[in-house]
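Asker: Mind looking over this structure? Questions follow.
The values are calculated or read from the model by the stated rules, or taken from the named source; none is laboratory data. Source: prediction; values computed, not measured. When we count neighbours, we look across all protein chains shown, and the Cβ atoms used for this are built from the backbone with ideal geometry, even at glycine.
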Amino acid sequence: MLLSALLLASQFLNPGQRQQTALTWYESSGLQQLEWNNYLSWLRFNGNAEQAKILEKQLSNGNPHGYAAAMFATQFVEDSDKRARDFWSSKQIEQWRSLRAQVPQQLENSPLYRWGLSAADPRPSRFFTAPFTGGSLWLTLLGLVSLAIVALRLERQLGAGRIVVIWLAGSLLSGAGYLMTVGLGETPLHGAAHAVMALLAAAAALSREPLHLTLPAGKKEQLSLTLPPWAISVVPLLLLAAIAFTKTPMFANLSAGLLAAVGGALLATVIQPHDSASLDAEQTLPPLSPELQQALANGWNALGNLDGIAAERHFREAIKTTTDQFDALTGLFTAQQMQQPTPRDWHQTASTLFSLQVDDSAQATQVAQHWKQYRQHADQLPESALWQLVITLTAAKEFQQAEQLAMQHAEYSDEQERRKSALGVLRDALLKEGLSQRANALPQ
């Protein structure tokens, strides 16, 4: 969301599509009249006759970016300064030097040349500022909409830190791909679409399960759409085609997007957290049925509208076939808690929820939050749920809560096996954290 906001803001605060004042100034100030023909001759004299032809053709086709090649030609300026008297009168030399001194300021006033990646001036920082130099608005929106489809799953799989790494790599690789094929005098690289390709390709490379989308279809109804894993690969391909056929120079922009995509996919494969419990769970658990997805979506939508009764109905529908479905149980727990007075069924839901063996630390943390809301009713829980809850609180690193619960029930426990297992898990966790004194204080 932060990246999308910054990229959209750059469209208006740092535009690269408008006419660049530096190029207009180069023509109108008289600098072009003084040096342009000399620059073309200088290119031919130094063995770059083909480049001179390309620049002349660009200008004849109405592309003013060709002038940028002369504006950035440091060696040409140095040679012209040495041989100025061979070309100009004393008055013209003074005028030329005065105008040349104004070039840096003119470039500062042109966002495309200040922040975009120009072949004539590829400063390292501009690899990373070019995506924030606003390109085509519709192409930026297409890239961000495509990213929105896969963003949540990608962040769950990689985490925010790895996504930042892939974004930076995408910016660097797209710039490198552009410079590999672009010529002098071409439009500098700008716009977000090329770098976004790295994130889209990363999502495609990590896609192992169907993608479930919930779309609004009315005031209360929602449309559930399930896409096969391979369908995510179509998203970067569509954006790459849009980049290639709508931006010039075509091959340079195609090279930028393609290299960013390949690099993003390979990098995501290398840096993905293979030992992550949450990733393992996503890859091993079977996909949810469309009916279950719809019931869950309707339940959470009702919770968003503070309609506890409707939410409870939808979540009960979700657990008809799968009684231990974690999302449905947490939603049902919240929906029943919202109702006043608290229904008796809430305690039964809490007992089922706290008895679950959770799959990862995120689920454990969620259970721990629900326990904080419920703990004043702990006497209504069966002992089996309480000992499983000790294990869950330990997984969530809520050691103080786990210790308190264990100490309250250890002495009078009838569930000796569950008691021993839970205390063992808690004791090992405390020792691992360096809390040996608290571990030794636990009952045996």
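Asker: What single numbered condition from (1) assigned to a helix (DSSP H, G or I); (2) modelled with pLDDT under 85 fails to hold for residue 342?
Answerer: It fails just one condition, (1).
Asker: What pairs come up if the first residue lies in the stretch 425-444 and is hydroxyl-bearing (Ser, Thr, Tyr), the second is loosely packed, with under 13 Cβ neighbours inside 10 Å, and their beta carbons are under 9 Å apart, counting only those six or more places apart or on different chains?
Answerer: From the stretch 425-444, no pairs qualify.
Asker: Moving on to the next point. Of the residues 353, 381, 386, which is more than 40 Å from the chain's Cα centre (by Cα), under 30 Å from residue 338 (Cβ atoms) and of a type outside the set (Val, Ile, Thr)?
Answerer: Step by step, each of 353, 381, 386 is checked, and only 381 is more than 40 Å from the chain's Cα centre (by Cα), under 30 Å from residue 338 (Cβ atoms) and of a type outside the set (Val, Ile, Thr).
Asker: Among residues belonging to the stretch 241-294 that are at pLDDT 90 or above and touching a His at 6+ places or on another chain (Cβ under 6 Å), point out the one that is nearest to residue 165 (Cα to Cα).
Answerer: Selected residue: 260.
Asker: Here's another thing I want to ask about it. With the checklist (1) within 39 Å of the chain's Cα centre (by Cα); (2) in a helix (DSSP H, G or I) in hand, flag the one item residue 123 doesn't pass.
Answerer: (2)
Asker: Okay, moving on. If residue 185 meets every condition in (1) over 20 Å from residue 35 (Cβ atoms); (2) assigned by TED's automatic domain parsing to the domain that holds residue 270; (3) surrounded by 17 or more Cβ atoms within 10 Å (Cβ to Cβ) apart from one, which number is that one?
Answerer: Evaluating residue 185 over (1) over 20 Å from residue 35 (Cβ atoms); (2) assigned by TED's automatic domain parsing to the domain that holds residue 270; (3) surrounded by 17 or more Cβ atoms within 10 Å (Cβ to Cβ) leaves (1) as the failure.
Asker: Looking at (1) modelled with pLDDT under 80; (2) assigned to a helix (DSSP H, G or I), which is the one condition that is false for residue 438?
Answerer: Result: residue 438 fails condition (1) only.
Asker: Another question, if that's okay. Taking residue 78, is it closer than 18 Å to residue 185 by Cα and either in contact with a helix residue (DSSP H, G or I) (Cβ under 8 Å, 6 or more places away or on another chain) or not assigned by TED's automatic domain parsing to the domain that holds residue 183 (or both)?
Answerer: Judged against the criteria, residue 78 is not a match.
Asker: Separate question: Can you tell me which residue among 385, 410 is touching a Pro at 6+ places or on another chain (Cβ under 7 Å) and not β-branched (Val, Ile, Thr)?
Answerer: Testing whether each residue is touching a Pro at 6+ places or on another chain (Cβ under 7 Å) and not β-branched (Val, Ile, Thr) leaves just 410.
Asker: Still on this structure, I have one more. Right, residue 201: at pLDDT 90 or above and surrounded by fewer than 24 Cβ atoms within 10 Å (Cβ to Cβ) or not?
Answerer: no
Asker: Now, a different point. If you scan the stretch 317-370, which residues turn out to be closer than 23 Å to residue 418 by Cβ and hydrophobic (A, V, I, L, M, F, W, C)?
Answerer: Within the stretch 317-370, 326, 329, 333, 350, 353, 354, 356, 358, 364, 367, 368 qualify.
Asker: Now a separate question. Which condition number does residue 84 fail, the rest of (1) under 21 Å from residue 19 (Cα atoms); (2) surrounded by 15 or more Cβ atoms within 10 Å (Cβ to Cβ); (3) of a type outside the set (Phe, Trp, Tyr) being met?
Answerer: Looking at each condition in turn, residue 84 falls short on (1).
Asker: For the stretch 110-121, indicate whether the set of residues that are closer than 24 Å to residue 51 by Cβ, surrounded by 18 or more Cβ atoms within 10 Å (Cβ to Cβ) and among the polar types (S, T, N, Q) is non-empty.
Answerer: Taking every residue of the stretch 110-121 in turn, at least one turns out to be closer than 24 Å to residue 51 by Cβ, surrounded by 18 or more Cβ atoms within 10 Å (Cβ to Cβ) and among the polar types (S, T, N, Q).
Asker: Going through the stretch 63-114 one residue at a time, which ones are assigned to a loop (DSSP other than H, G, I, E, B) and under 12 Å from residue 26 (Cβ atoms)?
Answerer: 72, 110
Asker: Just checking, which of 42, 25 is modelled with pLDDT of 90 or more and crowded, with 21+ Cβ neighbours inside 10 Å?
Answerer: 25
Asker: Further question on the same structure: Return yes or no: is residue 142 under 24 Å from the mean Cα position of the chain (by Cα), surrounded by fewer than 21 Cβ atoms within 10 Å (Cβ to Cβ) and part of a helix (DSSP H, G or I)?
Answerer: Here the answer is yes, as residue 142 does meet what is asked.
Asker: Quickly run through the stretch 1-38 and pick out the residues that are among the small types (Gly, Ala, Ser) and either more than 23 Å from residue 104 (Cα to Cα) or in a loop (DSSP other than H, G, I, E, B) (or both).
Answerer: 4, 5, 9, 16, 29, 30
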